[in-house]
Amino acid sequence: MLRLGIDIDGTVTAQDTFVPYLNRSFHLSITLDDMTDYDLTKLLNITAEEFWEWMNVHEAAIYKEAQLAEFAKQALDGLKEEHRLIYITARRSHLEDVTLDWFANRDVHYDHIELVGSHHKVEAVKKHGIDLFFEDHHGNATMIAKEAGIPVILFDSPYNQLPTDSNIIRVQNWLEAVAWINKNKHSLQHVRS
């Protein structure tokens with residue numbers, strides 16, 4: 001049994017979740033392909049302070065309505081039979097109820113959910129003894145792979161195209177992620193024991 005660390009937004013949820021909200025609020029017509037940087041202030045031409053003011057107003061509604069990423073539900077349903085699913089998200093603690101409701105309403109299994117409130121997830125990864133992490137943020141993936149010394153599955157996106165280390169496995173979707181786990185789970189279990 002592996003301890004799988006899983007990011008939520010852009011990993012379990014669809015990567016284009018924010019697009020309609022951004023388009024409506026900022027009178028744009030962007031698509032996911034336009035989001036070539038994780039820092040949306042550049043695309044929106046606003047300050048970080050303005051962005052977080054916008055997030056404070058819209059974040060809960062966005063997370064409440066977020067759609068599952070393609071194949072995420074079936075993949076997670078299969079993984080829960082063999083592994084522990086520990087979600088470690090940058091969401092802030094005041095979003096805990098919205099997050100738990102989202103999981104319940106979509107019948108997505110979890111063994112634990114930790115809202116760390118920032119993109120610094122390494123401490124939580126170490127605390128939970130994570131064997132493999134799933135992420136969409138390039139910086140997080142790199143930091144976790146290096147500082148926690150574990151492989152990270154990075155879900156490909158226009159905003160995470162920087163080069164990756166050898167401990168980062170780029171996949172297109174959850175089916176590819178599960179195939180990689182099934183092929184490598186014995187070596188991952190061997191490393192931990």
- Task: Can you give me the number of residues within region 24-58 that are over 16 Å from GLN161 (Cβ atoms), of a type in the set (Asp, Glu) and surrounded by 11 or more Cβ atoms within 10 Å (Cβ to Cβ)?
- Result: 2
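Could you grab me the full set of residues in region 63-94 that are over 30 Å from ALA179 (Cα atoms) and in a helix (DSSP H, G or I)? Quick ask: steps written out before the conclusion?
Let us first name the residues in region 63-94 that are over 30 Å from ALA179 (Cα atoms), namely 92-94.
Within region 63-94, SER93, HIS94 meet the criteria.
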- Message: For region 127-140, give me the residue count where each residue is over 20 Å from ILE181 (Cα atoms) and of a type in the set (D, E, K, R).
- Response: 1
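Applying the selection to region 101-121, what residues are outside any helix (DSSP H, G or I) and buried (at least 17 other Cβ atoms within 10 Å of the Cβ)?
Those that are outside any helix (DSSP H, G or I) and buried (at least 17 other Cβ atoms within 10 Å of the Cβ): VAL108, TYR110, ILE113, GLU114, LEU115, VAL116, LYS121.
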- Can you find even one residue in region 122-134 that is in contact (Cβ under 8 Å) with a residue 12 or more places away in the chain, closer than 19 Å to LYS73 by Cβ and charged (D, E, K, R)? no
- Message: With the requirement that a residue be in a helix (DSSP H, G or I), surrounded by fewer than 23 Cβ atoms within 10 Å (Cβ to Cβ) and among the small types (Gly, Ala, Ser), what does region 122-144 give you?
- Response: ALA124, GLY139
- Message: Taking the conditions exactly as written (in a loop (DSSP other than H, G, I, E, B), surrounded by 13 or more Cβ atoms within 10 Å (Cβ to Cβ), modelled with pLDDT of 95 or more and not assigned by TED's automatic domain parsing to the domain that holds GLU123), does ILE8 satisfy them or not?
- Response: no
- Task: Take region 145-172 and flag every residue that is assigned to a helix (DSSP H, G or I) and either under 27 Å from ASP34 (Cβ atoms) or under 17 Å from the mean Cα position of the chain (by Cα) (or both).
- Result: ALA145, PRO158, TYR159, ASN160
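The values are calculated or read from the model by the stated rules, or taken from the named source; none is laboratory data. No experiment lies behind these values; they were computed from the predicted model shown. With ideal geometry, Cβ positions are generated from the backbone for all residues, glycine too; neighbour counts draw on all protein chains shown.
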